[in-house]
Structures are given as structure tokens and as C-alpha cells.
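These notes concern the structure reproduced below.
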Amino acid sequence: MKLEIKDLSCGYGKKVVVRDFNATLQSGDVLCLLGPNGVGKTTLFKTILGALPAKSGEITVDGRRLRDLNRREFARTISYVPQAHTPPFPFKVIDVIVMGRTAHLGSFASPGKKDMAAAEEALHQLGVGYLRNRVYTEISGGERQMVLIARALVQDTSFLMMDEPTSNLDFGNQVRVLENVKRLARERNLGIIMTTHYPDHAFYCDSRVALMKRNNEYLEGMADEIITAPNMDAAYGICTEVLRGQYEDQQIRACVPVRSNLQSFHVESDEA
């Protein structure tokens, strides 16, 4: 399947935050949204998810406009992993994951054996089967993130949106989440859009990149094409270098700051 964002403009009230944005995502690909605070990553994310109406342009899946889908159809097309989530009640982990099956149930139906089996499979696929009967509010941040990904997986969609999936995670858990992002795109043929503050995450996932800059400018392409020292310097106002190396059969790439030469940027108050 193919998700296309065509000439999309979005914002709040009369204010346009993102203007004429274009990107295409095929099933099995990963698209990383990069850019400094205040350029509209969150606004774009909310608009794709339908939380904000588009001011102009279209978002389509295989030619069908997302805004024409009803709630159930939308929930069967795009799933969402939030940056953080704390439920109001101390549910067991398995119950939190089964909630992802709601889009496939009737109005008053309860989860059946098929739904429970899907939840069990998602837990084990992510390597956290040991959490099954733990209380969700009592597990670590990294474990919660895996549970939220599992909940999105059982929703059984073609596309998955992840809002800073490694936020507040330690280094080891960041790598585990990113490894699962790569694997899920490849093995489940998921199209994944994720926001991140770290250019190296795009390298790690071998993803496409939309680098959003100020003044409604953006660059879109493969990570190696977009994450370059000149582009990073222009977007973030710092001096960087992209380092490359080889470890066994892997190509290693990293974007690092090389000196403290910061430009002064004004950050709009309505966009984080």
C-alpha cells in the first residue's frame, strides 16, 4: 500500500505552521520526521492522524482520501504509538494490548480467542512475553513502550505512526525499540512514520527522512541523501560532521556536533 501526503498545509486557527508538505510512504518503509523544535512536526503528525483538519492538500492511502474514511476504517488503516501513556486504572499488560483489537470488534462485543491470541503473539514477537500478567502502571518506561507497540500491532493496520518512540528511554532500550521498528517494517510490511530528535535513528533504521526546517522549508529523501553536514547545520544552527565507518559487514554512520557555534533561533510558543 502507499500513503501519499500531497501539498499539505496545516496549523491552528488562522496560523499556518506547515505549508505545502509532500511525502510518500510505501508499505515496508520507514519515514523519520526530523527538525528543530517549532517547525511543525507535531502539527503535521496531528493532521495525519486526523486530530487537526488540514488547511489544504490531501492525505491518501492507495488513492483514497483519509478524511473520507469513517472511524473504524481509519483505525484499520493507521495505528498510533504515543510518546507516553498512563491509563487511569491498573490494567494488566495483556489487557492493555487487547484494547488494540477494538477496531475489529462489534459495538458490544468482547475480545475472543482470536483477539487474545493476537495479543499473545505481539508480546512474544517483541520479546516481552514475561510482562503478560504484570500491571502496566508498575513496569518500566522501556517496557511500557514495547507494550504500546504491541497494542498498535494487534490493531492490524498497514501504517504505524510513532511519536518520539525512544523519548525518555535509556540507551539500551532506545536500541531495542529501533531494532523492532526495523524488523516490523521488514517482516510485517508496515509503513512506519516516526518523529525523532536524533538523526542517527534514521541511519539506524535505514529510513527515508523528511527534514523540516524553518520558514516552511523541508527536504525529503533517503537518510544518506538528507543527513549531511550542510543540511544539519542549516536546520539546527550548529556545526556537525557525518562520520562513516565499517564494523564487520555493517556500515556505521553517525551525525555529531564538532564545535559549539550556535546560531540564535526564535521558537514559536505554540509548537514544541
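The values are calculated or read from the model by the stated rules, or taken from the named source; none is laboratory data. Not measured: the values here are computed from a predicted model. Here the Cβ positions follow ideal geometry from the backbone for every residue, glycine too, while neighbour counts run over all protein chains shown.
Numerical summary
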item	result
Residue in segment 232-271 that is modelled with the lowest pLDDT, counting only those that are of a type in the set (Gly, Ala, Ser) and under 15 Å from LEU34 (Cβ atoms)	GLY237
Criterion (among the acidic types (Asp, Glu) and over 19 Å from SER79 (Cα atoms)) met by exactly one of GLU187, GLU220	GLU220
Considering residues of segment 149-161 that are within 19 Å of LEU131 (Cβ to Cβ) and among the aliphatic types (A, V, I, L, M) only, the residue surrounded by the most Cβ atoms within 10 Å (Cβ to Cβ)	ALA150
Those residues of segment 178-233 which are of a type in the set (Ser, Thr, Tyr) and out of contact with any Lys or Arg (no Cβ under 8 Å at 6 or more places or on another chain), in sequence order	THR196, TYR198, SER207, TYR218, THR228
Selection status of LEU243, exposed (fewer than 14 other Cβ atoms within 10 Å of the Cβ), over 24 Å from ASP20 (Cα atoms) and free of Cβ contacts under 8 Å to residues at least 60 places away in the same chain	yes
Top-ranked residue in segment 35-86 [being out of contact with any helix residue (DSSP H, G or I) (no Cβ under 8 Å at 6 or more places or on another chain) and of a type in the set (Ser, Thr, Tyr); ranked as modelled with the lowest pLDDT]	THR42
Residue count, segment 163-206 (criterion: under 29 Å from PRO230 (Cα atoms) and of a type in the set (S, T, N, Q))	6
Scan of segment 59-72 for residues that are over 25 Å from ARG19 (Cβ atoms) and either surrounded by 12 or more Cβ atoms within 10 Å (Cβ to Cβ) or touching an Asp or Glu at 6+ places or on another chain (Cβ under 6 Å) (or both), ordered by number	ARG72
From the options ALA75, ALA51, ALA84, ALA103, residue that is hydrophobic (A, V, I, L, M, F, W, C), under 22 Å from the mean Cα position of the chain (by Cα), under 26 Å from SER167 (Cβ atoms) and surrounded by 18 or more Cβ atoms within 10 Å (Cβ to Cβ)	ALA75
Number of the exception - ASP170 against (1) closer than 22 Å to THR43 by Cα; (2) assigned by TED's automatic domain parsing to the domain that holds LEU69	(1)
Single residue of VAL17, VAL39, VAL98 found to be assigned by TED's automatic domain parsing to the domain that holds TYR136 and surrounded by 17 or more Cβ atoms within 10 Å (Cβ to Cβ)	VAL98
Criterion violated by SER56 - all others in (1) over 18 Å from GLU4 (Cβ atoms); (2) loosely packed, with under 13 Cβ neighbours inside 10 Å; (3) touching a residue at least 24 places away in the same chain (Cβ under 8 Å) satisfied	(1)
Qualifying positions in segment 145-174 - assigned to a loop (DSSP other than H, G, I, E, B), of a type in the set (S, T, N, Q) and touching a helix residue (DSSP H, G or I) at 6+ places or on another chain (Cβ under 9 Å)	GLN155, THR157, THR166, SER167, ASN168
